[in-house]
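Everything below concerns the one structure shown next.
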Amino acid sequence: MNTSLQYKLHSGKNSKAGYYLKAGFRDIMPDAWFRAALEHELQSCAQRYDSDYVQQRVDYYCPIDGPQPLGPQASAIGQLRLKDNSSTYYYDSREILQWFDHSLRWNYLFGDIRDNLPYPTVVKSRSLGPENRNNILLKLDKNRHFVFIKDHLSIDQKEDRAIFRGHIGSRENRALFCQRFKGSSRVDAADTLPSQVEGYKHTAQSQPMLSFYEHLRFRYIMALEGNDVASNLKWIMSSHSAAVMPRPTCETWFMEGRLEPGVHYVEVRPDFEDLEEKMDYYSAHLDELQTIVDNANRYVDQFRDLRRERYIGLLVMQKYFKLTQ
């Protein structure tokens, strides 16, 4: 792992210190203040010009459409405690839950979730498909996942190569990719887990982590799913490089299920055999690749309005509580 001071200061990631300072301050504010302000907040935001769009996203994240039982494991939202949960998941859910009565009950499951759940449950991620209706998406672990970046290189100024950097571990798709393109002059692929980690058998070349900015010199950046989604997809789609990936199998608040191949990203087969063919085509048709990048940038823009993001989160939980209590 790259531990240099330069990487730590210029990795491109969101600031952890800033996140925890803001989240901690908000957490100690009296919840009664938020609950008293909820109705005013909802009413003021309801006057927005984009109310139809907002409602579409609410129903996408919370697809249940009638009364639903919560099951025997549900707990009051007021029982959520920092000491029992990952700090980022705790703070991100508290940012929304603070606005509601502490006696309201919910199910939640933090972490990387792919299972389809038996009762309506708040999660960060879910598998794509009609059976995922009980997996209610909230914007969780957002400081890590929702990173947007400024890219000063145009698509024609970038190297006509693809890059992947990431932990492989037990992720077969990443191992397959790195094995297939080991030593390739067109594809720079490497595992970022240090080679000296005890008990870990590397299936690919090990290299230090690169900052997000160092990726930007490449025309194509691979977005390969890990335990759930590809965590780098958001910042790639905010750049002037093209995201390249097989069709996604799971999604988060970013609504990966709404991404269209050939419109928002360059789609490749799960075995990656057509990667260089796709690169050759789009590098010979840079106008088409530029359109994909422009579409990706516009897709990202819908997540930049932070007050609207919070408003949608409030409406998701309001709908959840209405249909499950």
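All of the numbers you see were taken from the coordinates with simple rules; none came from a lab. Keep in mind that what you see is a predicted model, and the values were worked out from it rather than measured. All Cβ positions, glycine included, derive from the backbone under ideal geometry; neighbour counts span all protein chains shown.
List of remarks:
- A DSSP coil position with no more than 10 other Cβ atoms inside 10 Å describes the following GluC sites (Glu not before Pro) in the stretch 258-325: Glu273.
- Qualifying trypsin sites (Lys or Arg not before Pro) in the stretch 98-186, DSSP loop, other Cβ atoms within 10 Å at most 12: Lys150
- Cα gyration tensor, the stretch 1-117 - rounded (a/c under 1.5), prolate or oblate: prolate
- Recomputing Rg and Dmax of the Cα atoms in Å from the coordinates shown identifies the correct label among [x] 20.9, 61; [y] 18.3, 55; [z] 19.8, 63 as [x].
- Inter-probe distance in nm under a simple model that places probes 7 Å from Cα toward Cβ, at His102 and Tyr53: 3.8
- Sorting His152, His167 from the fewest to the most surrounding beta carbons within 10 angstrom yields His152, His167.
- Remark: the chain carries a charge dipole of roughly 1060 debye about the Cα centre, counting +1 on each Lys and Arg Cβ and -1 on each Asp and Glu Cβ.
- Taking the C-alpha atoms only, the angle from helix 286-301 to the longest principal axis of the chain is near 20 degrees.
- Qualifying trypsin sites (Lys or Arg not before Pro) in the stretch 48-94, where qualification requires a DSSP coil assignment and no more than 12 other C-beta atoms within 10 Å, comprise Arg81.
- Counting only Cα atoms, the size of the stretch 55-193 along its three principal axes is 59, 35, 32 Å, in decreasing order.
- Shape call, the stretch 189-325: gyration tensor on alpha carbons, a/c limit 1.5: oblate
- DSSP beta bridges confined to the chain are antiparallel in about 15 percent of cases.
- Residues within the reach of a label modelled at Asp301 (point 7 angstrom out along Cα to beta-carbon, backbone nitrogen below 12 Å), restricted to the stretch 253-270: there are none.
- Most positive-pole-ward Cα, Leu224, Phe177, Phe321, against dipole of the chain from beta carbon charges: Phe321
- For the chain, with +1 on Lys and Arg beta carbons and -1 on Asp and Glu, the positive-most of Ala76, Met209, Tyr53 along the dipole: Ala76
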